[in-house]
Structure formats: structure tokens, C-alpha cells
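Participant: Got a structure for you, written out below as C-alpha cells; questions coming shortly.
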Amino acid sequence: MAEPSRSQLAGKVVPLRNLIAIAVCLVVAACSLIAPYDRAAYEHATNAKVDALALMSKATSSYREHEKEVEALVRQLDKAYEYDRGRQLNKITIAQWDILRDPNRDLVGGFLKMWKAKGTLNATFIAEKKKQVGDAFDQIIQLESGKLK
């Protein structure tokens, strides 16, 4: 087999350089497509996680007994959501909050809706939902903590 000529190699190196340049540009552009770290947003998410999981543990008892706490948690989630919604370049976090809060999904919103409808929930079910909700909060928290400071 004949060795490729220098001109043939040069034709392959230039596109590789272009690909590298494009990749570098995309990485730099991506860094500016997400909001910077915000301590308040981080604290909103971590506080809401702790409060949500604590309240979920109480779902073995009557929803009516904890209705005020549920309302307070929903308000806390709404405040965290609105805070993040007001920040520039924060669409990913907003989408995560939307899923977490949605009463027609399987996270906090759906859990609270089910608790209200059934009155009480099974401890095994609660434990499983707490894992799922905790993981969802962790994604929001990790996204925020991973942003440029």
C-alpha cells in the first residue's frame, strides 16, 4: 500500500483543526448559557428538600392534621421556583422545579395530591417516594452547586 502524500494528509488535518476549534467555541458558548452559582438559590433548594422530606414522613397520619404544613411547603416551593425563574439563563433549573412541583407528576406535587385524596399513605410507599423526591432535589442542588462561582 502506498503512503499518503503530504498534500493528502494536509487535507485531513485542516478539518480536524476546524472540528477542534468548533468544539472549543461550543464549550465556551455553553459556559455562558447557564446562570452562575447563586447562594440563595442553593439555600432555597436545600431548605425545601429538608422540609419536604420531613413533611412526607408525616403522611402516615391524616392529611387534614398537616394541611397548614402542606400549604407552607407549597408556598416555600413556589418561592424557590419564582426566585429561580427570575434569574437569567436558568431554563434547566426551572424545568426541574416544574417537574418537582407538578401535581400530575410523581414527585412532591403528585405526592401531596395523592395524600390529600387518600387521607393517609402507607409507610413503605412514603419511604420509596422520599428516595425519588430526594434524588430530584439533589439534581437541582447539584446543578446549582456545580455552576461557576
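Participant: Any idea which of (1) in contact with a Leu (Cβ under 8 Å, 6 or more places away or on another chain); (2) in a helix (DSSP H, G or I); (3) crowded, with 16+ Cβ neighbours inside 10 Å is the one ALA35 doesn't satisfy?
Facilitator: Every listed condition holds for ALA35 apart from (2).
Participant: Would you mind stating whether TRP115 is assigned to a helix (DSSP H, G or I) and closer than 16 Å to GLU144 by Cβ? Full working, then the answer.
Facilitator: Details: assigned to a helix (DSSP H, G or I): yes; closer than 16 Å to GLU144 by Cβ: no.
Answer is no for this residue.
Participant: Conditions first: (1) open to solvent by less than 70 Å² (accessible area, probe 1.4 Å); (2) touching a Leu at 6+ places or on another chain (Cβ under 8 Å). LEU89 passes all but one, so which condition is the exception?
Facilitator: With respect to (1) open to solvent by less than 70 Å² (accessible area, probe 1.4 Å); (2) touching a Leu at 6+ places or on another chain (Cβ under 8 Å), LEU89 is out only on (1).
Participant: Since ASN104 meets every condition but one in (1) surrounded by fewer than 15 Cβ atoms within 10 Å (Cβ to Cβ); (2) more than 18 Å from VAL70 (Cα to Cα); (3) at pLDDT 95 or above, which condition does it not meet?
Facilitator: ASN104 satisfies all of (1) surrounded by fewer than 15 Cβ atoms within 10 Å (Cβ to Cβ); (2) more than 18 Å from VAL70 (Cα to Cα); (3) at pLDDT 95 or above except (2).
Residue by residue, here is whether (1) basic (Lys, Arg); (2) modelled with pLDDT of 95 or more; (3) more than 16 Å from the chain's Cα centre (by Cα) holds:
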{"position": "GLU65", "(1), (2), (3)": "no, yes, yes"}
{"position": "ILE94", "(1), (2), (3)": "no, yes, no"}
{"position": "VAL108", "(1), (2), (3)": "no, yes, no"}
{"position": "LYS116", "(1), (2), (3)": "yes, yes, yes"}
{"position": "LEU121", "(1), (2), (3)": "no, yes, yes"}
{"position": "GLU128", "(1), (2), (3)": "no, yes, yes"}
{"position": "VAL133", "(1), (2), (3)": "no, yes, no"}
{"position": "ILE141", "(1), (2), (3)": "no, yes, no"}
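Participant: One residue is enough: does segment 70-85 have a residue meeting the conditions under 17 Å from ASP38 (Cβ atoms), surrounded by 13 or more Cβ atoms within 10 Å (Cβ to Cβ), among the acidic types (Asp, Glu) and in contact (Cβ under 8 Å) with a residue 24 or more places away in the chain?
Facilitator: yes
Participant: Please specify each residue of segment 129-140 satisfying the condition of being farther than 28 Å from SER62 by Cα and either surrounded by 20 or more Cβ atoms within 10 Å (Cβ to Cβ) or among the aromatic types (Phe, Trp, Tyr) (or both).
Facilitator: Matches in segment 129-140: ILE140 only.
Participant: Output the number of the condition that LEU121 fails; it satisfies all remaining conditions of (1) in a helix (DSSP H, G or I); (2) surrounded by 15 or more Cβ atoms within 10 Å (Cβ to Cβ).
Facilitator: If we test LEU121 against (1) in a helix (DSSP H, G or I); (2) surrounded by 15 or more Cβ atoms within 10 Å (Cβ to Cβ), just (1) comes out false.
Participant: Here's another thing I want to ask about it. Mind checking which residues of segment 86-107 are aliphatic (A, V, I, L, M) and over 24 Å from ILE34 (Cα atoms)?
Facilitator: LEU107
Participant: Now a separate question. Taking the options ILE99, ILE126, name whichever one is part of a helix (DSSP H, G or I), open to solvent by less than 70 Å² (accessible area, probe 1.4 Å), among the β-branched types (Val, Ile, Thr) and out of contact with any Lys or Arg (no Cβ under 7 Å at 6 or more places or on another chain).
Facilitator: Step by step, each of ILE99, ILE126 is checked, and only ILE126 is part of a helix (DSSP H, G or I), open to solvent by less than 70 Å² (accessible area, probe 1.4 Å), among the β-branched types (Val, Ile, Thr) and out of contact with any Lys or Arg (no Cβ under 7 Å at 6 or more places or on another chain).
Participant: Could you grab the pairs with beta carbons closer than 6 Å, sequence gap of 6+ or different chains, first residue in segment 39-59 and open to solvent by less than 50 Å² (accessible area, probe 1.4 Å), second one among the acidic types (Asp, Glu)?
Facilitator: Taking only residues 6 or more apart or on different chains, the pairs are ALA41/ASP84; ALA41/GLU144; LEU55/GLU69.
The values are calculated or read from the model by the stated rules, or taken from the named source; none is laboratory data. What you see is a predicted model; the values in this text were computed from it and never measured. All Cβ positions, even for glycine, are placed from backbone atoms using ideal geometry, and neighbour counts span all protein chains on display. Accessible surface is based on the protein model in full, side chains and every heavy atom, while ligands, DNA and RNA are left aside. Shrake-Rupley method; radii C 1.70, N 1.55, O 1.52, S 1.80 Å.
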